[in-house]
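What follows is a single structure, written as structure tokens, with notes after it.
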Amino acid sequence: MKLHVYNYLTRQKEPFKPLERGQVTMYTCGPTVYDHPHLGHAKTYVAMDVIVRYLRYLGNQVRYVQNITDVGHILDTGEDRILKGARRERSEPMEVVETYTRSYFEDMDALGVVRPNISPRASGHIPEQIEWIKMLLEKGYAYETPTGDVYFSVEQFPEYGKLSGQKVEEQEAGARVTIREEKRHPADFALWKRAEPEHILRWPSPWGWGYPGWHIECTAMATKYLGETFDIHGGGLDNIFPHNECEIAQAEAATGQSFARYWLLTGSLTVDGVKMGKSLGNFLTIKDALNLYTPEAIRFFILSSHYRSPVDFRRDAVLAAERGVERLHNTVRMLRKRMEDAMPSGTADLSYIAEIDPHRDAFIEAMNDDFNTPQAIAALFDLNKEVNSLLTADQPLGRGTLSAIDGLYRDLGGKVLGIIPDDLTQNVGGELVTGLIEIILDIRQRYRDAKDWEEADRLRHQLAQIGIEVDDRPEGPTWHVEHRGG
RNA sequence: GGCGACGUAGCCAAGUGGUAAGGCAGGGGUCUGCAAAACCCUUAUUCGCCGGUUCGAUCCCGGCCGUCGCCUCCA
């Protein structure tokens with residue numbers, strides 16, 4: 001089966017065909033940089049990362065754009081998130097933005113999330129956003145209030161709600177929408193807000209000094225870099241309304257063209273069964289999580305449920321994921337060690353290579369079905385079991401076989417899922433530490449040769465206490481650093 | 001009140017109209033000086049509950065119960 005994706009726009013799985021064969025244009029809503037990124041970001045962006053990685057694995061050239069929201073994200077109090085952050089930290093708004101943008105990339109890098117091709121900042125695209133607002137005003141989809149704000153008129157765009165299934169009439173019944181006098185309809189949303197001089201984040205516009213609304217930035221930046229119509233719009237399901245809906249309304253009202261063709265949205269993340277929130281005391285930043293678990297464990301944990309499903313971040317579940325990913329690493333470590341002194345390739349290699357091919361097929365089959373990573377991981381474990389048997393069996397293995405298997409791990413576990421690093425050797429602490437450990441293991445080996453098990457075990461325990469696990473293998477001892485949730 | 005998702009073994013989690021992948025944990029065994037790793041065997045007559053459609057439903061339809069998300073800032 002060719003790649004099929006679940007499109008939120010049509011609420012069904014569809015064959016994925018980019019506008020241009022072999023070229024995929026993709027946009028994902030990025031973070032508002034007013035604080036350190038949290039686990040919710042990790043879930044969404046790791047999931048999107050694997051989608052991008054897989055599309056590339058299939059041979060597509062993917063242009064992946066993800067914005068940085070550094071202005072315009074207005075709270076219902078009418079306050080800008082960034083300004084609020086600046087007040088909290090008693091710093092400049094752009095200082096806040098800089099700090100947390102760096103923090104964001106730092107965490108994404110640590111999680112192995114491949115950087116977007118373009119990370120456009122909202123504040124760097126004010127003229128573009130003004131152009132969009134002008135266009136919407138000209139076409140009658142927006143109106144200016146006497147107070148100098150500009151709103152999008154949802155009543156002028158009958159398709160408003162087509163993505164989320166929300167209907168503006170029903171919204172009114174909820175009565176939870178803040179009623180603003182100047183709005184014609186309660187669901188109308190801001191395109192431009194007037195700002196007084198004391199508001200630092202403000203720009204001149206045809207409607208006076210002010211700043212753009214939250215939704216217009218995504219419309220402006222996505223279309224600027226990807227075209228009026230592009231292939232994939234990704235993001236978290238929790239932004240489907242109103243944010244994604246507003247993006248569509250703005251774009252399609254102004255251009256008359258369809259905006260994103262496929263909407264791929266990720267399920268939300270909860271912590272211990274409930275939504276994460278600072279007030280609930282279960283707010284976990286990615287930095288917190290990285291102190292407790294390995295990046296691969298976090299990725300594996302996220303990818304062990306389907307991207308559209310919600311995921312509950314629980315300690316025991318993440319630890320189980322850590323054990324699982326360690327199992328894969330053990331095999332790959334053994335495999336790579338074995339490669340070092342393997343025999344040259346021979347004809348016997350061919351039969352083994354044929355044996356592992358079905359695992360790649362199973363993996364691709366799973367991923368082609370709307371990026372079914374849990375099933376793809378299962379395929380990886382099936383492979384793993386077979387490889388373990390092969391490695392522990394008492395038979396010579398040629399370099400051809402071993403490197404073919406290693407190539408499979410590098411492709412599927414490395415390039416696509418990002419849970420098996422290309423380099424699993426532990427060069428923590430550099431050559432000095434590595435050298436010291438080798439010396440200690442050498443000493444221990446002498447005790448072992450002398451059958452002084454007590455001393456040998458004592459050294460092993462002492463090393464274990466500082467996180468260095470020593471495994472005695474028939475071919476000699478190996479060691480690696482344990483990173484178990486602390 | 002509106003929109004939506006989910007409920008599968010102790011835990012996490014795929015899945016199919018014809019009686020259930022994978023991982024973690026547990027039990028038994030092999031290997032090993034021991035440990036670890038690895039391998040073999042084993043752990044759901046059953047997929048929230050009640051009806052319906054069907055020769056047959058965990059998967060389709062209806063109802064109920066429960067959990068969660070969005071509608072207000074969130075990825």
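Some points to look at:
- Taking the inverse of the mean 1/r over every pair of distinct Cα atoms in segment A:240-320 gives a Kirkwood hydrodynamic radius of 15.1 Å.
- Karplus 3J(HN,Hα) series, Hz, for segment A:314-326 with 6.51 cos²θ - 1.76 cosθ + 1.60 (x for Gly, Pro): 10, 3, 5, 5, 6, 5, 5, 5, 4, 5, x, 6, 5
- In units of the rule-of-thumb radius 2.2 N^0.38 Å, segment A:320-403 shows an alpha carbon radius of gyration of 1.17.
- Set A:Lys13/A:Lys162; A:Lys43/A:Lys287; A:Lys2/A:Lys43; A:Lys337/A:Lys415; A:Lys43/A:Lys275; A:Lys84/A:Lys275 screened for pairs whose C-alpha atoms are more than 19 Å apart: A:Lys2/A:Lys43; A:Lys337/A:Lys415; A:Lys84/A:Lys275
- Percent RCO, i.e. relative contact order, over chain A, from Cα pairs under 8 Å lying at least 6 residues apart: 16
- Compactness of chain A as Cα Rg over 2.2 N^0.38 Å, two decimals: 1.15
- Other-chain or far-sequence residues with amide H under 5 Å of A:Trp192's (modelled H): A:Val150, A:Gly213
- Probe 1.4 Å, accessible area per residue of chain A, Å²: 46
- The relative contact order of segment A:287-417, computed from alpha carbon pairs under 8 Å that lie at least 6 residues apart in sequence, is 32 percent.
- HN-Hα J in Hz across segment A:368-377 - Karplus 6.51, -1.76, 1.60, θ = phi - 60°, x for Gly and Pro: 5, 8, 6, 6, 7, 5, x, 6, 5, 5
- By accessible area, using a 1.4 Å probe on protein heavy atoms only, chain A has 50% of its surface on carbon and sulfur.
- Take every DSSP beta bridge whose two residues both sit in chain A; close to 50 percent of them are antiparallel.
- Here the dipole of chain A is about 320 debye; that uses its Cα centre as origin and unit charges on the Cβ of Lys and Arg (positive) and Asp and Glu (negative).
- Normalised contact order of segment A:1-118, rounded percent, pairs of Cα under 8 Å and 6 or more residues apart: 28
- Axis of helix A:126-138 versus longest Cα principal axis of chain A: the two differ by about 40°, to the nearest ten degrees.
- Over all distinct Cα-Cα pairs of segment A:430-481, the Kirkwood formula returns a hydrodynamic radius of 11.1 Å.
- Measure of compaction for segment A:1-106 (Cα Rg per 2.2 N^0.38 Å): 1.36
- Calculated from backbone phi, Karplus (6.51, -1.76, 1.60) coupling profile of segment A:10-20 in Hz, x at Gly/Pro: 10, 6, 7, 7, 9, x, 8, 10, x, 3, 10
- Remark on A:Asn67: its backbone amide H falls under 5 Å from those of A:Thr28, A:Gly30, a criterion applied only to residues 5 or more positions apart or on other chains, H modelled at 1.01 Å from N.
The values are calculated or read from the model by the stated rules, or taken from the named source; none is laboratory data. Bear in mind that the values here come from a model prediction, so they are computed numbers and not experimental data. Don't worry about glycine lacking a Cβ; one is built from the backbone with ideal geometry, like all the others, and counts go over all protein chains shown. Surface accessibility is based on the protein's heavy atoms, side chains included, excluding ligands, DNA and RNA. Shrake-Rupley method; radii C 1.70, N 1.55, O 1.52, S 1.80 Å.
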